[in-house]
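Nothing in this text is a laboratory measurement; each read-out follows from the coordinates by a stated rule. What you are looking at is a predicted structure, and each value in this text was computed from that prediction instead of being measured. When we count neighbours, we look across all protein chains shown, and the Cβ atoms used for this are built from the backbone with ideal geometry, even at glycine.
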Amino acid sequence: MKKVLIIEDEKDIAEIIKMSLELEGFKIETALNGFEGLEKIESFGPDIIVLDIIMEGMDGMTMKKRMKKDIPVIVASACDKATRTKIESEIKVNSWLEKPFEIDELVNEVKLLTGGK
């Protein structure tokens, strides 16, 4: 069973993503900010990360820069074009979904990048 870590500060969005991926057979953990995200990367060992960029505390870009492991990342965030270009020039992102996005689009990206369940 593939493991997905959702790092998202909006609890409702995190819960929708979590439920949708659990229905597809993925094991899920959530974190509310980059600090929690780094801790869960170590304790949970995800196969892929769904990452919001704009969060209180430690934002997604800072967290990704501090990650020691090379884990595929899907960014799910609402950023203007200039911010997105800056982020993509500074961190490796495997996929980018602009909020609001269709949940099926995210599920399909997770499946694609993990090779399924």
Check your understanding: Net charge near K81, counting Lys/Arg +1 and Asp/Glu -1 over other residues with Cβ under 12 Å of its Cβ?
Key -> -1
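Pairs of alpha-carbon atoms within less than 8 angstrom and 6+ residues apart define the contacts here; what relative contact order does the chain have, in percent?
Numbers: 195 pairs, mean separation 30.0, N = 117.
The normalised contact order for the chain reaches 26 percent.
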Exercise for review: Using DSSP to define loop residues, name the GluC sites (Glu not before Pro) in region 69-117 whose beta-carbon has at most 16 other beta-carbon atoms within 10 Å.
Suggested key: E102
Review point. Under 16 Å from the 7 Å Cα→Cβ point of K81, by amide nitrogen: which residues of region 93-117?
Key: 98
Review point. Which one of F101, F35, F26 has the biggest mean-square fluctuation once the chain is modelled by GNM with Cα springs under 10 Å?
Key: F101
Practice item. Quickly work out the I54-to-E15 label distance, labels modelled 7 Å from Cα along the C-beta direction, and quote it in nm with one decimal. Key: 2.3
**Study point:** Nitroxide proxy distance, nm - points 7 Å out along Cα→Cβ at K3 and L113
**Key:** 1.7
Review point. What residue among V50, G60, G115 has its Cα farthest toward the positive end of the dipole of the chain, where the charges are +1 on Lys, Arg and -1 on Asp, Glu, each on the Cβ?
Key: G115
Check your understanding: Taking a 26 Å limit on the Cα-Cα distance, which of the listed pairs K27/K86; K2/K69; K18/K40; K27/K99 fall beyond it?
Key -> K27/K86
